[in-house]
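Encoded as structure tokens, the structure appears first; notes follow it.
The values are calculated or read from the model by the stated rules, or taken from the named source; none is laboratory data. Small disclaimer: the values here were computed from a predicted structure and weren't measured. As a convention, Cβ positions derive from the backbone with ideal geometry for all residues, glycine included, and neighbour counts pool all protein chains shown. To get the accessible areas, we keep the full protein, side chains included, count just its heavy atoms, and leave off ligands, DNA and RNA. Shrake-Rupley method; radii C 1.70, N 1.55, O 1.52, S 1.80 Å.
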Amino acid sequence: MKIGIITMHRVLNCGSTLQAYALQRALSEMGHESEIIDYKYEDKSASPTLLKRLTALLRDLLFGFPTARMKRKFKDFYRKNLVLSPQAYDRESIAKYPPRYDIYMAGSDQVWNPRFIGDDMNFLLAFTAPEARRISYASSIATGAIDGDTKERFARYLSRFDAISVRERSGAALVKELTGKEATVCCDPTLLLGKEFWNALAAQSRYKTGEKFILVYALSYMFDPFPEIYGIVDTVQRKLGMNVVFLQGRAKDVFRPGSKLIKSAGPADFAFLFRQAGFVITTSFHGATFALINDKPLIGVVDKRSQTDSRIQSLLESVSAADAIFDYRDRVDLDADALLRLKGKREALDGLVSRSKRYLQDNL
């Protein structure tokens, strides 16, 4: 039996790349052959202004073109680790010459987020034949509501699925509203693989340090936590007495005392930094997953006033770590011991992983 996976595997983002890798490896460990359908889509959220492009160019000049170095690391990772379909597809070619598999799988990552896919329903397997078997694994909608024509299209294509799993409870509720179907909440694929698996990838990184540090991985594509998040970073650094490593970060972070900025991390570097960190502060869903994988204390930084993105909240609540969720405007009034107790519960995480593996076993 051969499985065709459609996901966002070519995004220049470590979480997106590693979740695709993890899903394929988890399926292989279960005895299944799979290919990632090499689908190139137009990211509907990617429309940088001239000012942003000029700012990015100046930043690259200042830091020695880290984006180019990062792209080389990603390209090398794709070549060595991902099993892709022999043919690459775009929106037109996948409709005209659809790939053939025994089972089609959508997910994981934000493959059902209307903000990114727009009206491209291929991530809901619109290109498949009527008789095809379709399932999803931990697909993220990343919003609590869908409106207009998009709502109708989602309802139509989701109704064709034989089994649906999503990554957040809000996604399960939305699937129920749109189709009447029950969706299973499953963990991200990165959590299906053990700490030892990711340690092997981390060992491939050229970064080497024995120092423990506060790893800050703060992205701003869902909401902008700056500059307020610096208040959280300053407090945690003062309480724990560790240096800070900003992963990606902003240019000004290089001048911050007791800090280091890393702008060119590839997938192996990402795994190493989370393995080595003594504490994690992150707005990233996959930042939270890798903190959990490595049993690291963390603060999951969210925008509690927004109802559009519950990914980190859903994950941390599911592993009994709700006390690690902070709004980016919050003050962190905890001592060092309390900060270091902000961890997911291993038994809760193990239960989530076990239920997720059972969903795959039952539907493949």
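The table below lists the values:
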{"quantity": "Angle between the chain longest axis and helix 169-179 axis [Cα atoms, degrees, rounded to 10]", "calculated": "20"}
{"quantity": "Neighbour cut-off at most 11 other Cβ (10 Å), DSSP loop, GluC sites (Glu not before Pro), region 110-206", "calculated": "Glu131, Glu182"}
{"quantity": "Candidates Gly300, Gly278, Gly351, ranked by Gaussian network fluctuation over the chain, Cα under 10 Å, top entry", "calculated": "Gly351"}
{"quantity": "Heavy-atom accessible surface of region 291-344: percent carbon and sulfur, 1.4 Å", "calculated": "42"}
{"quantity": "Accessible solvent surface per residue of the chain, calculated while the other protein chains remain in place, 1.4 angstrom probe, Å²", "calculated": "44"}
{"quantity": "GNM result for the chain, Cα springs below 10 Å: residue of Asp234, Asp295, Asp309 fluctuating most strongly", "calculated": "Asp234"}
{"quantity": "Above-threshold pairs, the threshold being 19 Å between Cα atoms, out of Lys73/Lys296; Lys40/Lys263; Lys195/Lys343; Lys195/Lys260; Lys71/Lys296; Lys151/Lys176", "calculated": "Lys73/Lys296; Lys40/Lys263; Lys195/Lys260; Lys71/Lys296"}
{"quantity": "Candidates Ile232, Ile146, Ile293: whichever shows maximal mean-square fluctuation once the chain is modelled as a Gaussian network with Cα springs under 10 Å", "calculated": "Ile146"}
{"quantity": "Loop trypsin sites (Lys or Arg not before Pro), region 59-157, which have at most 13 other Cβ atoms in a 10 Å radius of their Cβ (DSSP)", "calculated": "Arg100"}
{"quantity": "Centre separation in Å (Cα based) which lies between region 201-229 and region 282-352", "calculated": "15"}
{"quantity": "Accessible surface of region 110-260, 1.4 Å probe, proportion on carbon and sulfur as whole %", "calculated": "50"}
{"quantity": "Where trypsin sites (Lys or Arg not before Pro) fall in DSSP loop in region 271-364, at most 16 other Cβ within 10 Å", "calculated": "Lys304, Arg305, Arg329, Arg331, Arg341, Lys345"}
{"quantity": "MRE, 222 nm, helices only [DSSP H, n ≥ 4, -39500 (n - 2.57), over the chain, to nearest 500]", "calculated": "-12000 deg cm²/dmol"}
